[in-house]
Every structure is written in structure tokens, then in C-alpha cells.
Amino acid sequence: MAKDLSKLQNGSDIRGIAIEGVPGEAVNLDSITASTIAEAFVHWLSLKVNKNPTTLHICIGHDSRLSADDLTLALKKGICMMGAKVSDAGLASTPAMFMSTVMPYYEFDGAIMITASHLPYNRNGFKFFTAEGGLDKEDINAILTKAGKVCFVGEWYESENVNLMDMYAAQLRMQIGSLAGMKIVVDAGNGAGGFFAKEVLEKLGADVSDSQFLEPDGDFPNHAPNPENKEAMASICAKVKESGADLGLIFDTDVDRSAAVSPSGKPLARNEIVALAAALKAAEHPGGTVVTDSITSNELHDFLENELGLKHLRFKRGYRNVIRKAQELTAEGEDAFLAIETSGHAAYSDNYYLDDGAYLAALITKAAAALKKEGKTIDSLIEKLDSPAESIEVRYQITAEDFASVGTEVLDAMKNWAESTDGLSLEEPNYEGVRINYEIPEGKGWFLLRKSLHDPVLPLNIESDTEGATDAIKAVIENFLGQFEGIAL
């Protein structure tokens, strides 16, 4: 009988509970399941690249999670069971695993990164790559469907170790140049990003002595390895200011996301990291397009279009959605040179549209070093970017059993409500949920209500240009939502 593994799918990734330790969370990504997923990936890959499985060569890497070793072994067994060859990159970053498929000398047929990004220590999962990039959700569905039908369990495997991260770090060093006289604080959150301080920045002459949490530790004892985490950002901001550093850099667990900190201790994240990423390449792409997720601010839109002379397209949340849209626009002849989420996933067209936190950090570092010689700091590149006075996110639980239908009903009704209510206007074009501009006595701004990708939740984002306006418009929105049954306000 086939086994249903669909609950392990998280968009274009696989994520599950890999170790015991959290009450009520039973393991659903064990070694046998991992081996069958590996076998299914080999089957999928052989069809994708039109090769016999026995001629395929696949690379595996992992972040610092506690379950990494067991899952690595399980993947090796599954891959070898299908007759393919496997190489082990050990502790690695997600972007480096993609690069293993295109980097001269290696050029593996496929790669698997064992990671669950910023999720808690008991979780883990897989990201898959070919030379064309990361897999789409349809590919993941096909792999999990196949894995549910696979029952081979291999006990023998053979693999070789590869120094992938050494070559990857060398490529990053070539992007930057000398950093003599620069003091930089790196916060790796005990994930896989510590190499950037020691193997990239320090070897270029930077002082990284005040960097923190560089050692891999899957318990993540200091703070969540996540640039969006308030505690994590507060920690590096304080360290940068205290140490008198020229720049701060913070990564998530598997280094596909990053954010920065100015010498004054100001965080450059969310809208600021989008603006900075665009400013770094704007001169090379005059009139080019920046594709972002749906919750970017009006102030960012003005900065990108009026200050940098670029085009800005808000699209859907989900880094793969943003990247695919940019690739689609480029294929149509538009210069969509940057696809970026406010979460810190940044993908440039000249870097394979790979969301690579270390590549973005390298660009930021190079710019910061050049600006220092002019007596400027990295945040001078976005000094004309305004910020909203207030910004909040609320998540409303949908208690109705058919939560998808309720969510659709609410969003449809909200469009009609906005069109018939003074002070509200629909934002067009819009590709996700309902985005509305508002102007009320307390102030003006925008809000976006959307359906969660996977959960029975309606996330609401609100921004305003004056303090107090977010609470006022939130009360108006909740009065509207109160007419629907099955929504917990």
C-alpha cells in the first residue's frame, strides 16, 4: 500500500519532524522515509536530465542541525540503492549546494541540501537542485508521490567527501577584493554561515574578532538563526554598535538569507534590505525591474521607482514565486535583474537567480569597503528611503472546517467592501490576497489580507504614515471581519 507523504511538502521544499524532543510532535521524517525520498529523487532526476540512474552523480550537504548525520546516511543509502554515485560536502550552505551543479570541476547532476531553514531544532528537511535551479512544488509533489510507493531499504553505501565550501568561499572572495582596515561583525546564529567570517572576510584582511555564534550548534543556544527574528537582530545590532564595527552581517541557518547592520547599529532588513539589494546593482540595470513579495511598503515602491529609476512589481509571497516571476519577465525581454522577499531571500539574474545570502553579503561588503574610503557608510545608499511610522502583522485563525472556502469568501467580500467604502481603494495590479490603500482621520497607509499557503490562517499586514493609525484601521477591518462565522478575532 502506498504511503502518503504529502504532509512533508512545504511549497518547493520538504520539511518534517526529524527528532523527538517537543511534546506532541512525533517524528515523521525518519531514516527510512529519507531513503525512499532519495530513491525517488534519483528516479525523478534520471528523467529530468535524460541519464541512466547508474551514471548520475549527486552531492549532499547539510546545515548544523542535530539530525543532519542520520539523514545524510539515509540519503546516501537511498541514492546508492538506485545505483547512482554520491559525494558528501558536509557542513554547507544551501546556495553552495546549488553551485555544486554548475561550478566548474564539480558540475553534479543534482544536489540535496539537508535543512529546515530557521525552524526549531527538531525539524529538518530537504532542498533539491539541478543546474536549472531549485525544484518547483510540482516536482516535490512528484518525488513524494513516488517515494510513497518505494519500499527498497538499502544498508550499503559508498561516498566520497568533497571540499565544496572551500571552492565556494574562494569564489566569494573574488567578488569582494581587499578588506584591509574593515571591521565586520558576522552573526551566523550557530548555523552554517560561520565560514563567511573566517574563510571569506578574514582571508581578505577584515577584522572579524567581534563576530558571534560562528560555531555550528544544532541546539541554536543563543537565538533563532533567522534575520527576521527580533531577538537575533537586536543581538547583532548591539554587538556592531558596541564594537565600533563598519558593518554587521547576519545569516539564517543555511545561508540563503541575510541582512545587514549599519555602523550606528541600525538594522537593514525587510524593506531596507530590498532597497539596499536594488541600490547595489541599479547602475548596472538602468530601468530594470525588481520583483518583490506582496507586503513591501509604499515607501519602498517610491524609492525604487523615483530614486533609483527602476520598475517595481509586487508579486506573491514565497521566494520561489518571486524568483519564477522574475525569470518569466526576463524570458519575455524585460530586465528583471532582482527577485527578493522581505524575508531576505535575494536572487540576482547574474547569479543564476539563486537566493544566496552570502552572495548578497559579499556585494554589501564590497560596497561598504568602497564607501568607507569616501567617509560614508553602507546605509548612505538608501538614505532617501522613508519608513512607515507603524507596521504590524496579525494572523486570524479560521476555525471553520472548510477554511479555504471561508478565506476565499472573505477576500471576495473585502474587494466589494473596498470599492463601496469612502477612504478605501484597491491596489492594482495585485497578485495575492487583497491589498487596499486607506485614508482615515487618524492617518493613511495600506493593508493586505491574504490566505496562508498551508494553514487555516488569514494573515493581515498593516502599515501607516502616522502613529495610532494602524490600530484605528485594524478596528475597522475587524468590524468588517466580524460578519463572517468561523474567524477567530
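The values are calculated or read from the model by the stated rules, or taken from the named source; none is laboratory data. Just so it is clear, the structure is predicted and the values come from calculations on it, not from any experiment. Reconstructed Cβ throughout: ideal geometry from the backbone, glycine too, with neighbour counts over all protein chains shown. Each accessible area value is taken on the protein alone, full model and side chains, heavy atoms only, with ligands, DNA and RNA left out. Shrake-Rupley method; radii C 1.70, N 1.55, O 1.52, S 1.80 Å.
Here are the numbers:
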quantity	calculated
In Hz, Karplus ³J(HN,Hα) per residue of segment 394-402 (6.51, -1.76, 1.60; θ = phi - 60°; x = Gly, Pro)	10, 10, 9, 6, 9, 8, 5, 4, 8
Cross-link partners of residue 415 among aspartates and glutamates (Cα-Cα below 17 Å; sequence separation of 8 or more within a chain)	427, 428, 432, 439, 478
Distance violations [Cα-Cα > 27 Å] among 311/372; 77/137; 127/372; 239/316; 51/149	311/372; 127/372; 239/316
Gyration tensor verdict on segment 198-243 (Cα atoms; rounded if a/c is under 1.5, prolate if a/b is larger than b/c, oblate otherwise)	oblate
Burial ranking of peptide ranges 351-358, 464-471 (average Cβ count within 10 Å, highest at the top)	351-358, 464-471
For the chain, with +1 on Lys and Arg beta carbons and -1 on Asp and Glu, the positive-most of 113, 361, 167 along the dipole	167
For segment 180-246 and segment 434-463, distance of Cα centres in Å	34
Positive-pole candidate from 5, 56, 96, dipole of the chain, charges at beta carbon	56
Computed magnitude of the charge dipole of segment 447-489 (debye, nearest 20; Cβ of K, R +1, Cβ of D, E -1)	200
Carbon plus sulfur fraction of accessible area for the chain, probe 1.4 Å, in percent	48
Segment 310-362: C-alpha gyration tensor shape, a/c 1.5 cut-off, then a/b vs b/c	oblate
Positive dipole terminus of the chain, leading residue within 425, 389, 209 (C-beta point charges)	209
Amide H contacts of residue 396 (H built 1.01 Å from N, under 5 Å, at least 5 apart or other chain)	458, 460
Per-residue [θ]222 nm for the chain (sum of -39500 (n - 2.57) over DSSP H runs n ≥ 4, rounded to 500)	-10000 deg cm²/dmol
Cα centre as origin, Lys/Arg/Asp/Glu Cβ charges: segment 257-368 dipole, Debye	380
Ordering of 37-45, 7-15, 180-188, 426-434 by packing [mean C-beta count within 10 Å, highest first]	37-45, 180-188, 7-15, 426-434
Antiparallel content of DSSP bridges confined to segment 79-182, in %, to 5	65
Vicinal HN-Hα couplings computed from phi for segment 258-272 (Karplus, 6.51 cos²θ - 1.76 cosθ + 1.60; Hz; Gly/Pro x)	8, 8, 10, 9, 6, x, 7, x, 7, x, 10, 9, 6, 4, 5
Heavy-atom surface of the chain, accessible at 1.4 Å and reported per residue (Å²)	41
The chain: relative contact order as a whole-number percent, Cα under 8 Å and 6+ apart	11
Partners for residue 373 among lysines (Cα-Cα distance below 22 Å; same-chain residues under 8 apart left out)	183, 203, 241, 266, 281, 384
Sequence-separation-based contact order of segment 256-374, relative, with Cα cut under 8 Å and 6+ spacing, percent	30
The chain, dipole about Cα centre (Lys/Arg Cβ +1, Asp/Glu Cβ -1), debye to the nearest 20	1040
